[in-house]
Amino acid sequence: FFIFGKFGWYTGKKILLVALAISLFANLFLGSFDLYLFSCAMLAPGIVLQRSAMRGDSPALSGLKGSLTLIGGWLLVVAFASFGAEVSVYGQMLRTLDQALTETLEHYRKSSDFSADALIVVETTVHQMKQIIPIILPGIMGGVVLIVIWTTMMLGNFFMAKSANAEVWPSFRQWQLPEKLIWTVIGMGACILTPIEPLPKIGINCILLLCVVYCFQGFSVTVFFMNKWQVPLFIRSFFYVM
C-alpha cells in the first residue's frame, strides 16, 4: 500500500516483484512454501486499498474492500493447501485446538495443587470451550483480518503523510462509521435469538466482527479527545493501552 502510494504503480511493481523473488527463494530454502502463499495473499488487499484511496472512497468503504479481498485470498490459500488432504487446514486447526484443550485438562487432573472443586470448574470450562470455539472461530479469524487491514490503513496513512506530505484519508481521529451500521448490529442480535439454525451461529460471529469494528471507532473518538485536550504523550499512551 505504501510502496504503490509513494513510488507509483510502475516503480512499485518492480520493487514488489524483486521482493517476491527474494522471498520465494528464502521460503523454498526454509521449506515453508505454504507460508509464502499465505503472505502473498496479503499483497492483493494492499493494491485494493491503494486503488480505493485513489478513487476517494471513505475509510469504512476502503476497509470493507480490503477485508473482503484478504478473506478471499486466504480462503484460496486454505483451499490450495487442503487440496488432496484427508483433513482441511481449517479442520486441522480445530483438531489442534481441541487436542490442546484436552492436554491442558489432563495436566490439571494430574496436578496435586488443585482441589476437587477447582478441578470440576476447570473441567466444566474446558468442556464449554470445546463447544464454543468451533462456533466462534470464524468470527475470531475475521477479527484478525480486520485488525490487519486497519493496521495497514493506519500505518500507511501515517507514512504517506510523513514521506509525501499527503494523507490518502483524513486523520484517524476523524474516521467515522456509517450511522446505519447500527441496524446490522440489531439484525445480528435478532439472529442470535432466533432458534433456526444456522442463524444464531451467523449472528454471533457477525457480532464479534462488529465489536472489533466499533472498537476501532471508539479508539478514533479517544484519539480525537486526546488531541483536542492536548494530553501529554505519556498519559495518552496509558489511555490508548487501556
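The values are calculated or read from the model by the stated rules, or taken from the named source; none is laboratory data. All of these numbers come straight from a predicted model, not from anything done at the bench. Note that we place each Cβ from the backbone using ideal geometry, even for glycine, and neighbour counts take in every protein chain shown. Accessible surface areas use protein heavy atoms only, side chains included; no ligands, DNA or RNA. Shrake-Rupley method; radii C 1.70, N 1.55, O 1.52, S 1.80 Å.
Quick notes on this one:
- On the beta carbon distance between residue 171 and residue 192, with R0 = 30 Å, the FRET formula returns roughly 0.25.
- The phi torsions of segment 111-122, fed into the Karplus equation with coefficients 6.51, -1.76 and 1.60 and a -60° offset, translate into couplings of 6, 8, 8, 10, 6, 5, 5, 5, 5, 4, 4, 5 Hz, rounded to whole numbers, with Gly and Pro shown as x.
- Rounded to the nearest 10 degrees, the angle from helix 2-30 to the longest Cα principal axis of the chain is 40 degrees.
- In the full protein context, the chain carries 66 Å² of accessible surface per residue, based on a 1.4 Å probe and ignoring ligands, DNA and RNA.
- For the listed residue pairs 162/228; 65/130; 6/228; 130/180; 13/162; 110/201, the alpha carbons are over 24 angstrom apart in 65/130; 6/228; 130/180; 110/201.
- Ellipticity estimate at 222 nm from DSSP helix runs (n ≥ 4, -39,500 (n - 2.57)) divided over the chain, nearest 500: -28500 deg cm²/dmol
- Charge tally for residue 109 (other residues, Cβ to Cβ under 12 Å; Lys, Arg +1; Asp, Glu -1): -3.
- Against the chain, whose longest principal axis is taken from its Cα atoms, helix 89-110 shows a tilt of about 50°.
- Total charge dipole magnitude, segment 153-242, about the Cα centre, Cβ charges on Lys, Arg, Asp, Glu only, Debye to nearest 20: 240 debye
- Net length gained if the chain between residue 24 and residue 225 were fully extended (0.36 nm per residue, minus Cα distance): 67.9 nm
- Selected from 31, 203, 12 as most flexible by GNM, with the chain as the system and alpha-carbon contacts under 10 Å: 31
- Kirkwood Rh, angstrom, the chain [1 / mean 1/r, Cα pairs]: 21.3 Å
- Within the accessible surface of segment 40-127, defined with a 1.4 Å probe on protein heavy atoms only, the carbon and sulfur portion equals 64 percent.
- Gap separating the Cα centres of segment 218-242 and segment 18-67, nearest whole Å: 31 Å
- Candidates 62, 39, 163, ranked by Gaussian network fluctuation over the chain, Cα under 10 Å, top entry: 163
- Size of charge dipole - the chain - debye, nearest 20, with Cβ of Lys, Arg +1 and Asp, Glu -1, no other charges: 1080 debye
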